[in-house]
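Enquirer: Take this structure, written in structure tokens, and hold onto it; I'll ask about it next.
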Amino acid sequence: MYIEGSYAVYLAISLAVTVWVARTLHKNGRVFLVEAFQGNAELADSVNHLLVVGFYLVNVGWVAMALRTSAILDTPRQAIELVSDKIGGILLVLGMMHFLNLYVFHRLRRRGLEYLEAPPVAPNMHMPPPLPREL
Amino acid sequence: MQTLYVIYDPHCGMCTEIKDWLVRQPTYVPLRLVPAGSEQAQALFPRTSADEIAVVSDQGDVWLGNRAWVIVLWALKRYRGWALRLASPGLQPFARQAYTAIAHNRMGISKLLGLKSEAELRGHLERVVIPPCQI
């Protein structure tokens with residue numbers, strides 16, 4: 001019986017890759033978030049952590065749900081094919097989640113930088129200062 | 001730039017309605033609304049005609065017509081993205097339509113900003129009817 005071995009290999013690889021992607025996101029996403037939150041590192045770290053928690057929940061949940069198979073494994077070849085199949089599916093989902101996260105970082109950063117934009121249209125004219133101080 | 005003064009026509013139903021909407025919006029640059037023809041408006045920018053808004057900065061820059069509508073959107077936290085888009089020469093003539101659509105939340109306005117082409121966005125804005133000014 002190869003099934004238990006296949007499950008074990010599948011779980012080990014899937015969870016290891018999940019941890020690796022999550023740590024990469026956590027490490028490299030921080031700089032985007034710090035900029036998005038205008039240098040507020042505390043808030044950026046908090047959001048970064050929350051994003052990673054969500055990432056873990058979705059991925060580990062998906063890994064757990066995708067474990068079950070009805071395949072009957074009689075040969076090592078069938079076992080390897082099953083594990084490969086399952087891990088391929090997990091990697092694709094991880095990849096999509098990863099790009100989704102990058103998109104979220106990008107959106108937050110772009111919005112965060114909006115406040116720096118100068119007026120997009122030139123004034124029609126200029127009134128000589130001084131303007132009345134208090135109206 | 002610390003303050004933008006928006007000179008609007010106090011006798012126009014639509015303008016006062018828009019003014020009421022404007023004062024509720026979160027801003028990057030504080031907006032001060034000044035009724036046209038008042039003493040304050042005279043001191044700020046004497047030459048404004050009653051039927052058009054004028055925006056005057058505390059540094060003496062004056063925006064009129066479509067540019068004024070773009071600058072008002074630029075000052076608003078939620079709609080700066082719109083101002084940056086509307087600043088292009090092809091869309092600037094529709095700044096007032098865009099403003100009307102945003103203030104009345106027509107056409108699922110936030111979705112429209114995602115439109116890729118300028119022509120597409122212009123096509124939507126062309127259909128916005130600016131309500132007539134009733135005295």
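Enquirer: For A:LEU11 and A:TYR103, what is the calculated FRET efficiency with R₀ set at 45 Å and r taken between the beta-carbons, to the nearest 0.05?
Expert: The calculated FRET efficiency here is 0.95.
Enquirer: So for the protein assembly as shown, taking the charge dipole from beta-carbon charges (+1 Lys/Arg, -1 Asp/Glu), which of A:ILE3, B:PHE94, A:THR75 sits furthest toward the positive end?
Expert: A:THR75
Enquirer: Right, another one. Scan around B:THR3 for amide H atoms under 5 Å from its own, H built in the peptide plane at 1.01 Å from N, and keep only partners 5 or more places away or cross-chain.
Expert: Here B:ASP58 satisfy the definition.
Enquirer: Pop out the ³J(HN,Hα) list for the range A:36-43 in order, Karplus 6.51 cos²θ - 1.76 cosθ + 1.60 with θ = phi - 60°, rounded to Hz; leave Gly and Pro as x.
Expert: 4, 9, 6, x, 6, 5, 5, 5
Enquirer: Could I get the Rg over Rh figure for the protein assembly as shown? Both from C-alpha atoms, Rh via Kirkwood, rounded to two places. Display every interim value, and only then the final one.
Expert: On the way: Rg = 27.5 Å, Rh = 22.7 Å.
My calculation puts Rg/Rh at 1.22.
Enquirer: Treat every Asp and Glu Cβ in the range B:16-97 as -1 and every Lys and Arg Cβ as +1, leave all other atoms uncharged, and give the resulting dipole magnitude about the Cα centre to the nearest 20 debye.
Expert: That gives the range B:16-97 a dipole magnitude of about 400 debye.
Enquirer: Right, next: If you add up the charges near B:VAL23, with Lys and Arg at +1 and Asp and Glu at -1, over every other residue whose beta carbon is less than 13 angstrom from its beta carbon, what do you get? Provide the component values of the computation, followed by the final result.
Expert: Values: positive: B:LYS19, B:ARG24, B:ARG32; negative: B:GLU17, B:ASP20.
Summing Lys and Arg as +1 and Asp and Glu as -1 gives +1.
Enquirer: For the range A:110-122, take each phi angle, set θ = phi - 60°, evaluate the Karplus expression 6.51 cos²θ - 1.76 cosθ + 1.60, and give the result in whole Hz per residue in order, putting x for glycine and proline.
Expert: For the range A:110-122, the Karplus-derived couplings read 4, 4, x, 8, 4, 5, 7, 5, 6, x, x, 10, 6 Hz, x marking Gly and Pro.
Enquirer: Related question: What is the order of A:MET1, A:MET127, fewest Cβ neighbours within 10 Å to most? Don't skip to the end; give the middle numbers.
Expert: Working: A:MET1 9, A:MET127 17.
In order of increasing Cβ crowding within 10 Å: A:MET1, A:MET127.
Enquirer: Show me the GluC sites (Glu not before Pro) within the range A:61-135 that DSSP assigns to loop and that have at most 12 other Cβ atoms within 10 Å of their Cβ.
Expert: Those satisfying the criteria are A:GLU134.
Enquirer: Could you please report the charge total around A:VAL83, scoring K, R as +1 and D, E as -1 over all other residues with beta-carbon less than 13 angstrom from its beta-carbon?
Expert: After counting each charged neighbour, the total is -1.
Enquirer: With +1 on each Lys and Arg Cβ and -1 on each Asp and Glu Cβ, how big is the dipole of chain A about its Cα centre, in debye rounded to the nearest 20? Display every interim value, and only then the final one.
Expert: Values: 11 positive and 10 negative charges, 23 e Å.
The dipole magnitude comes to about 120 debye.
Enquirer: Collect residues whose amide H, placed 1.01 Å from N in the peptide plane, falls under 5 Å from the amide H of A:MET125; neighbours closer than 5 in sequence don't count.
Expert: Under 5 Å from the amide H of A:MET125: B:VAL62.
Values in this text are rule-based calculations from the coordinates and carry no lab data. What you see is a predicted model; the values in this text were computed from it and never measured. Cβ: placed from backbone, ideal geometry, glycine included. Neighbour counts: every protein chain shown.
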